[in-house]
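A short worksheet on the structure shown next.
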């Protein structure tokens, strides 16, 4: 049987789109039960290891395993779009006493022997106190904001993130950071499984090509996450907070 013989309704169409959208994304009852008032901003891997020229993964641009053109695209997106938007979100969350939580790759040991096998194979290592473990200055933690270290792609697998979010009574997550198609994708899928109401901020995350960015967001949207841009996310949170204060 070839594609020509198949029902066109099920070729290049997501047959579960409406079901997922209604149960995962729209979920009107969740809006009525203050999910968005109990929101936190997750900032993932915004550090020198994988988001700074001349450091970590990109210490030697020729040996980074990423074509130079892709590196230029990635850093241009970070500098022009992602970092300013993440900072806008951080400042808004801070001003409204909402949690800003920073996730980074960092091992427990100097030699990285506690890392996941995947990170060992990839050679990803940010030792405690290393430059690679430092956050990028424009989006670095402030005050006593929570920092969680991980040695896996997703932010839940190797950390106490779920425990901390439970203690904080967090129910909704706005997710930003890098890379969209790796650590971000893994984290938001896990977060959805944990039952959080997850929003991916499309202009607050980046990866090394536009194609991978668009494909990843397309595969996650309305199935595991809602996808909003920064202005829309800020407007939504602001309106929910205003409604809560007058409720």
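Considering only region 82-92, state which residues are in contact with a strand residue (DSSP E or B) (Cβ under 7 Å, 6 or more places away or on another chain) and touching a residue at least 60 places away in the same chain (Cβ under 8 Å).
Selection gives 82, 85, 86, 89.
If residue 61 satisfies every condition in (1) surrounded by 15 or more Cβ atoms within 10 Å (Cβ to Cβ); (2) under 22 Å from residue 207 (Cα atoms); (3) in contact with a helix residue (DSSP H, G or I) (Cβ under 9 Å, 6 or more places away or on another chain) but one, which is the exception?
If we test residue 61 against (1) surrounded by 15 or more Cβ atoms within 10 Å (Cβ to Cβ); (2) under 22 Å from residue 207 (Cα atoms); (3) in contact with a helix residue (DSSP H, G or I) (Cβ under 9 Å, 6 or more places away or on another chain), just (1) comes out false.
For region 1-89, which helices (runs of 4 or more DSSP H) that fit wholly inside it have 1 or more residues that are under 30 Å from residue 231 (Cβ atoms) and modelled with pLDDT of 95 or more?
Answer list for region 1-89: 48-51, 68-77.
So, in region 109-126, exactly how many residues are part of a loop (DSSP other than H, G, I, E, B) and surrounded by fewer than 16 Cβ atoms within 10 Å (Cβ to Cβ)?
6
Could you list, in sequence order, all residues of region 142-178 that are more than 27 Å from residue 120 (Cα to Cα) and touching a residue at least 40 places away in the same chain (Cβ under 8 Å)?
Passing the criteria: 142, 145, 165, 168, 169, 170, 171, 172, 173, 174.
The values are calculated or read from the model by the stated rules, or taken from the named source; none is laboratory data. No experiment lies behind these values; they were computed from the predicted model shown. Glycine also receives a Cβ, built like all others from the backbone with ideal geometry; neighbour counts cover every protein chain displayed.
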